[in-house]
Amino acid sequence: MNFSRDSFTLNVGGAKYSFSQEVIKDFPLRRVSRLHDCSSEKDLLEVCDDYDQERNEFFFDRHSEAFGFIMMYVKYGKLRFVPQMCELSFYNEMIYWGLECSQLEYCCQRRLDDRMSDTYTYLSDESKPDESTVKENLPPPPEEKKWLERMRRTFEEPTSSLAAQILAVVSILFVIVSMVVLCASTLPDWKTAENRSSEEHRIIEAICIGWFTAECIVRFIVSKNKCDFVRKPLNIIDLLAISPYYVSIFMAVFTDENLQLQRAGVTLRVLRMMRIFWVIKLARHFLGLQTLGLTLKRCYREMVMLLVFICVAMSIFGALAQLLEHGLDLETKNEDYASIPAACWWVIISMTTVGYGDMYPISVPGRILGGICVVSGIVLLALPITFIYHSFVQCYHELKFKSARYGRTLSNEYLSQ
């Protein structure tokens, strides 16, 4: 835009800054530099809040003190928070003027990260409309939908009502019984006991499977979206835990030949052992397991980065260990390091500081390499742990907040009785 004067003025919340027209094109703040490309007053008003053509003054209704600190960054190249100002408010000012969080000083970046991590849960929940307000505005649902919603919350949200808590306790008891039977079946004396009372064992197993099957069917029927229900990880785990029982029954009925029986026996043992997935069903009722699953879901990039670190270090140290202990022309060769894959096993147990002692270097260079490998493992494993830890704390507070909200619903139910 062709300005009427050689200089222009920025009026930010009452604080005025005068500049020559030459600097506006390459101004470090993107919003200010956009003024140069404006060809009409309409374009100007999309960038600023008001424009005085006589004074060639651009008005911005923003925080004047925050802009003062931003101008200090333009002048000196260091961007810090305004004292006694909310970090998120200052961050919003930065975004408005076209700055990024990476331009903050390191100490201020850490403050912003901690602040955003602490408020993420509450911001995400406050951004949603209040349930009571929504219920007041919407017409009352039919009686059938009320019943379905009550049933869905009873089965899906263990802390939503007294009936849901009772149902959760019963489900946990069935999981514990099934796990005890599964663990006891691997004891040496179990086979003799099973021959004596095989009918009782079958009955216990059938009752547990019947409960899990009925629970899964009911939850599928009362679910709002059947496709989303099938795609949920916990529901997939339920299916994996239940289906082996029915597959084993069909295999036992339809296998007659000896070879088929032998193959079926191995398959049945594998299918029976898949019942261990029932333990993951406890994640529906325990906040800790839910936090772990949500953390792993959100931190898959950090987990991949951790695996990459380990694989790279394993390749380097494995090759060096094989060379120092076996590859060189030494008088005594360490046969435990005959190959790089064998040396990689030693690297992985050394980096994780497990140290089984089944193989270890015997030469002086090999021992020096082993010490470096252990120290490197501690450092490499510690690098991504900070990100995973912050995500775990954030997930824990998020799920705890959700659980507390359902707890308040349960308290209201008690008061209304």
For region 349-366, Karplus couplings with θ = phi - 60° (6.51, -1.76, 1.60), whole Hz, Gly/Pro x: 6, 7, 5, 8, 6, 7, x, 5, x, 6, 8, 7, x, 10, 8, 4, x, x
Roughly speaking, to the nearest percent, how much of region 1-110's 1.4 Å accessible area is carbon and sulfur? 43
Would you please give the FRET efficiency between Leu173 and Val230, computed as 1/(1 + (r/R0)^6) with r the Cβ-Cβ distance and R0 = 35 Å, to the nearest 0.05? 0.85
Work out the FRET efficiency for Val354 and Gln84 from their Cβ-Cβ distance, taking R0 = 30 Å, and round it to the nearest 0.05. 0.05
Here, Ile316 and Ile217, labelled 7 Å along Cα→Cβ, have an inter-label distance in nm of 5.9
Accessible area in square angstrom per residue, region 24-64, 1.4 angstrom probe: 61
Can you tell me how much longer the chain between Ala15 and Ser102 gets when fully stretched, taken as 0.36 nm per residue apart minus their C-alpha distance, in nm with one decimal? 28.7 nm
The orientation-averaged projected area of the Cα convex hull of region 1-92, in nm², is 5.9
Where in region 300-339 is the amide nitrogen less than 20 Å from a point lying 7 Å along the Cα-to-Cβ axis of Val379? 305-321
At a Förster radius of 41 Å, what calculated FRET efficiency corresponds to the Cβ-Cβ distance of Gln53 and Arg115, to the nearest 0.05? 0.50
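The values are calculated or read from the model by the stated rules, or taken from the named source; none is laboratory data. Being a predicted model, the structure only gives us computed values, none of them experimental. All Cβ positions, even for glycine, are placed from backbone atoms using ideal geometry, and neighbour counts span all protein chains on display. Side chains included, ligands, DNA and RNA excluded: accessible areas come from the protein's heavy atoms. Shrake-Rupley method; radii C 1.70, N 1.55, O 1.52, S 1.80 Å.
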